[in-house]
Amino acid sequence: MPILKCWPLDGGRFLTLPCVVTKDPDTGERNVGMYRVQIYDERTAGLHWQLQKVGAAMAALLRDRDPHARRHLSRRRSDVPFAATAPLPDGLDEFLLAGYLRRKSVELVKCETNDLEVPANADVVIEGYVDPKEPLREEGPFGDTPASYTLPEPYPVFHVTAITHRRDAVYPATIVGIPPMEDFYLGGASVKLFLPVFKMNFPEIVDIALPAEGVFHNLVFVSIRRPIPCRPTRSCTASGAWGR
């Protein structure tokens, strides 16, 4: 596969547009997240899921519950990567959002080497596992969205158990770097899609903007209409919008 090294000082080649599928070991709830993946060799890769990400939380649950367990997961590529970046509440399946956006259910099939399900029309599926008890390995540096390199840090090692793909598969990728890049336009789509939902919870919200200077997720402008003149804006509006 034509896996990219995007910038001269990158620590290696990276999958920049993967949809990482994991499952909660207690509830069985599925999560689809987009975490960059650094290729180490033919069998291993570095999985960049930060501590606050759902995938990392699921792995932590498994580690704390069973010291000998392995976190099974799959990296898949499909035609709806936006769903993996959408700010959905925890527990809401991203494949449901993908089906809503495409006005057709996402057909799923079981993986070859684990019990996870992935889209039947995925171009490439890379199956494998993360062992929560295995020592972390350095991942990075990586030319990131703020137009600077993120420093190397320790992250879990992903072990490949199978790779399947469609005939004449399309390899999706994105270049991360000086804004505006593709993630900026994904942010605009997120605002259009979720603004009506925010207004249902906070009717005083008029509009939301994610400027390019904030690199999609670091700066947000929220305009609010006060329901009664001279009354201070409700603090719950600010804290609620911040939480989302």
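The values are calculated or read from the model by the stated rules, or taken from the named source; none is laboratory data. The model shown is predicted, which means the values in this text are computed figures rather than measured ones. Here the Cβ is made from the backbone with ideal geometry for all residues, glycine too, and neighbour counts use every protein chain on show. Protein only, heavy atoms only, side chains kept; ligands, DNA and RNA dropped before computing areas. Shrake-Rupley method; radii C 1.70, N 1.55, O 1.52, S 1.80 Å.
Residues that are out of contact with any Gly (no Cβ under 7 Å at 6 or more places or on another chain) and at pLDDT 70 or above, at least 2 per element: which helices (runs of 4 or more DSSP H) completely within segment 31-126 meet that?
82-85, 94-102
Would you mind stating whether Gly140 is within 20 Å of the chain's Cα centre (by Cα) and either among the polar types (S, T, N, Q) or closer than 30 Å to Val197 by Cα (or both)?
Against the criterion (within 20 Å of the chain's Cα centre (by Cα) and either among the polar types (S, T, N, Q) or closer than 30 Å to Val197 by Cα (or both)), Gly140 does not qualify.
Quick one: would you say Phe142 is in contact with a Gly (Cβ under 7 Å, 6 or more places away or on another chain) and farther than 15 Å from Val21 by Cα?
Considered against the rule, which asks whether it is in contact with a Gly (Cβ under 7 Å, 6 or more places away or on another chain) and farther than 15 Å from Val21 by Cα, Phe142 comes out as yes.
Can you tell me which residue in segment 209-236 is least open to solvent (accessible area, probe 1.4 Å), limited to those that are outside any loop (DSSP other than H, G, I, E, B) and modelled with pLDDT of 60 or more?
By that ranking, first place goes to Gly214.
When you check Thr161 against the structure, is it open to solvent by less than 40 Å² (accessible area, probe 1.4 Å), closer than 29 Å to Tyr40 by Cβ and of a type in the set (Ser, Thr, Tyr), yes or no?
no
What are the residues in segment 171-207 that are under 19 Å from Leu101 (Cβ atoms) and not in a helix (DSSP H, G or I), if any?
Pro172, Thr174
Mind listing whichever residues of segment 102-123 are open to solvent by less than 50 Å² (accessible area, probe 1.4 Å) and either under 19 Å from Gly28 (Cβ atoms) or of a type in the set (Lys, Arg) (or both)?
Listed by number, the residues that qualify are Val106, Leu108, Cys111, Asn114, Leu116, Val118, Pro119.
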